[in-house]
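Step one of this worksheet: look at the structure below.
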Amino acid sequence: METPGEVKRAAIEYRDQAIAVATERMKDGQWAAVARVAHHTRSAEDIFPVPVPDRRFTTEEEAREFGIKMARDWIDENMPHP
């Protein structure tokens, strides 16, 4: 059973960028998400926090998928296409 404050993490690759999403169960039982994108080069790693609207979701899966979608949209708008 999930409890308030529980945090789950997921990581995926999209267009050669690493997306990390953390979801948290809030006190009201709803889930929230935050996301970041990591861009790797041979000599550095840049981390970009992704602006995610302050929304709550009934399930952890919904929150995670929303965070992933926001990160993919951010990559599509901000990272050069190969």
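Read-outs throughout are calculated quantities, based only on the coordinates presented, and are distinct from any laboratory measurement. Everything numeric in this text was worked out from a predicted model, so none of it was measured. Every residue, glycine among them, receives a Cβ derived from its backbone with ideal geometry; neighbour counts consider all protein chains shown.
Cβ crowding within 10 Å, taken as a proxy for footprinting-reagent exposure, orders His39, His81 from fewest neighbours to most as His81, His39.
For log10 I(q)/I(0) by the Debye sum over Cα atoms at q = 0.15, 0.23, 0.25 Å⁻¹, one of (1) -0.59, -1.06, -1.18; (2) -0.53, -1.00, -1.13; (3) -0.74, -1.07, -1.14 was computed from the structure I shared and the rest are decoys. Which label? The calculated read-out lines up with (2). Amide H to amide H, with H built 1.01 Å from N, Arg55 comes under 5 Å of Ala33, counting only residues 5 or more places away or on other chains. Against the chain, whose longest principal axis is taken from its Cα atoms, helix 60-78 shows a tilt of about 20°. Mean sequence separation of contacting Cα pairs (under 8 Å, at least six apart), scaled by the length of the chain, corresponds to a relative contact order of 25 percent.
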